[in-house]
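To start, the structure under review is shown below, and the notes come after it.
All of the numbers you see were taken from the coordinates with simple rules; none came from a lab. A quick note: this is a predicted structure, and the numbers were derived from the prediction, not measured. Methodologically, a virtual Cβ is constructed for each residue, glycine included, from the backbone with ideal geometry; neighbour enumeration extends over all protein chains shown.
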Amino acid sequence: MKKLTRFQLRIIRGKTCPYCKGKTELIDSVKVYGRSYGMMYMCWGCKAYVGTHKGTKNALGRLANKELRKWKNRAHAEFDKLWEGKMGKRSKAYRWLSNKLKIPHIYTHIGMFGVKTCKRVVIEVKKKLNTFHIDCSCGDQRKLIYSRPEGFHYACNCGSSMWVPNQII
Ligand SMILES: [Zn+2]
Ligand SMILES: [Zn+2]
């Protein structure tokens, strides 16, 4: 893996907006939420923002617009199931994720990911937890057989199989 460029670093540190490439503004979150949860980096034009680590000006990752915020939440929700359940420790789950995504450990943080990588987190964790299934008309469940960037192939013990485009998950 190459070292990140200065520009990429500015993005994952919240200093540059990944959408318009403009400089972000450090504001108090009271301006967004009506009460203060600390500081945040904001791009007003893109309606994209990211919070900071408590009591610091250090961004939690890159700025996120509405779509990315949705995917970050989904990725977090899946990932939390992993370390709260099977893996026990959060750091262990992050190491697993880092290997899975082939992203260096220091950059393996959901807050640094774009939509595509968040989707991969959802998929990989679901696979790992084996919770990737769709109810079949026979009453059993179709299990995930393999996944591609474009979609997923499911099959059931009854012989029924199904192709699901990626947007559905
Ligand atoms: Zn912007
Ligand atoms: Zn079936």
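Listed values, structure above:
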quantity	calculated
Theoretical ellipticity at 222 nm over the chain - DSSP helices of four or more residues, -39500 (n - 2.57) apiece, nearest 500	-10500 deg cm²/dmol
Proximal lysines relative to residue 31, as straight alpha-carbon distance under 26 Å, when same-chain residues fewer than 8 apart are discounted	15, 21, 23, 47, 54, 57, 66, 70, 72
Net +/- balance of residues flanking residue 164 in space, Cβ distance below 15 Å, scoring K and R +1, D and E -1	+4
Choice from 119, 72, 102 with maximal GNM fluctuation in the chain (Cα, 10 Å cutoff)	102
The chain: radius of gyration over Cα atoms, expressed as a fraction of 2.2 N^0.38 Å	1.20
q = 0.15 Å⁻¹, segment 1-97: log10 I(q)/I(0) [Debye, one scatterer per Cα]	-0.70
Value of Rg to Rh for segment 66-131 (Rh from inverse mean 1/r over Cα pairs, i.e. Kirkwood)	0.93
Binned Cα-Cα distances of segment 1-58, short to long, each 5 Å bin given as a whole percent	4, 21, 27, 21, 15, 8, 3, 1, 0
Kyte-Doolittle mean at least -1.0 and Cα axial length at least 20 Å: DSSP H helices in the chain	115-129
